[in-house]
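Colleague: Before we start, here is the structure in question, set down as structure tokens.
The values are calculated or read from the model by the stated rules, or taken from the named source; none is laboratory data. Keep in mind that this is a model prediction, so the values were computed, not measured. Please note: Cβ atoms are built from the backbone with ideal geometry, for glycine as well, and neighbour counts cover all protein chains shown.
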Amino acid sequence: MIVAILSLTLLGAAFGILLGIANKFLRVEGNPVVEELLALMPGSNCGQCGFPGCSGAAEAIVDGSAAPTCCPPGGKALAAAIAEKLGIEVDLSGMVDDGPKIALVAEELCIGCCRCSKVCPTDAILGAAKQIHNVLREACTGCSACIEKCPTEALVMTPVPVTLQHWVMPKPLAA
């Protein structure tokens, strides 16, 4: 028994060292600009931009095949931050930014069809078949993918409620 434990421990240590060495020498370096843009993005991987996740959108923005305004959940603030990071000019006049929003379920209209929960990229919608659904505020990214799938229009996008976690101190007014 002790021989088996000792041999498995030695095998695990040897393979761990080999993996560490392989990681050191076989590492594939990514584009640091793409990584910086990815850190700015919401990370919901909702696909509203037309790319497979936020990493695909960041790569497309860096190589010039997508505009900095391609991320709807990020809004004007994200587009301005991306343009500043890349040092390019971007026209934000055409963008409508109502601020951050989350989905809300009208319980009297929900029939429990589960169509909304199947398309939610962050699993923010909870509920079972033929039961009223609910949205987890902390998990909802405001992508509005669920709105089109609801047959009873029980889901609506509402502004993020002001709570201690979401409150932002307004900037002082100029005198």
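Colleague: From the list I102, I132, which residue is part of a loop (DSSP other than H, G, I, E, B), among the aliphatic types (A, V, I, L, M) and under 27 Å from K149 (Cα atoms)?
Modeller: Details: I102 fails: part of a loop (DSSP other than H, G, I, E, B).
Only one candidate qualifies: I132.
Colleague: Quick one: E84 ticks every box in (1) assigned to a helix (DSSP H, G or I); (2) over 30 Å from P68 (Cα atoms) except a single one, so which number is it?
Modeller: Among (1) assigned to a helix (DSSP H, G or I); (2) over 30 Å from P68 (Cα atoms), the lone unmet condition for E84 is (2).
Colleague: Something else: What residue, among those in the range 16-31 that are of a type outside the set (D, E, K, R) and modelled with pLDDT under 90, is farthest from the chain's Cα centre (by Cα)?
Modeller: Top of the filtered list is V28.
Colleague: Here is a further query. Does L155 count as in contact with a helix residue (DSSP H, G or I) (Cβ under 7 Å, 6 or more places away or on another chain) and surrounded by 12 or more Cβ atoms within 10 Å (Cβ to Cβ)?
Modeller: yes
Colleague: Within 27 Å of C70 (Cα to Cα), of a type outside the set (G, A, S), loosely packed, with under 14 Cβ neighbours inside 10 Å and modelled with pLDDT under 90: does that describe V168?
Modeller: yes
Colleague: Same structure again: Looking at (1) without any contact (Cβ under 8 Å) to a residue 40 or more places away in the chain; (2) in contact with a strand residue (DSSP E or B) (Cβ under 9 Å, 6 or more places away or on another chain); (3) among the small types (G, A, S), which one does G99 not meet, given that it meets all the others?
Modeller: G99 satisfies all of (1) without any contact (Cβ under 8 Å) to a residue 40 or more places away in the chain; (2) in contact with a strand residue (DSSP E or B) (Cβ under 9 Å, 6 or more places away or on another chain); (3) among the small types (G, A, S) except (1).
Colleague: Picking from A22, A14, A60, which residue would you name as being within 17 Å of A79 (Cβ to Cβ), surrounded by 10 or more Cβ atoms within 10 Å (Cβ to Cβ) and free of Cβ contacts under 8 Å to residues at least 12 places away in the same chain?
Modeller: Working: A22 fails: within 17 Å of A79 (Cβ to Cβ); A14 fails: within 17 Å of A79 (Cβ to Cβ).
None of the other options fit; the residue is A60.
Colleague: With the checklist (1) modelled with pLDDT of 85 or more; (2) on the phi < 0 side of the Ramachandran plot; (3) crowded, with 16+ Cβ neighbours inside 10 Å in hand, flag the one item L126 doesn't pass.
Modeller: That leaves (3) as the condition not met.
Colleague: Which ones in the range 90-122 are at pLDDT 90 or above and on the phi > 0 side of the Ramachandran plot?
Modeller: G112, C114 - these are the residues of the range 90-122 that are at pLDDT 90 or above and on the phi > 0 side of the Ramachandran plot.
Colleague: To continue, here is another question. Test each condition in (1) closer than 22 Å to A80 by Cβ; (2) in a helix (DSSP H, G or I) for C46 and report the one that comes out false.
Modeller: (2)
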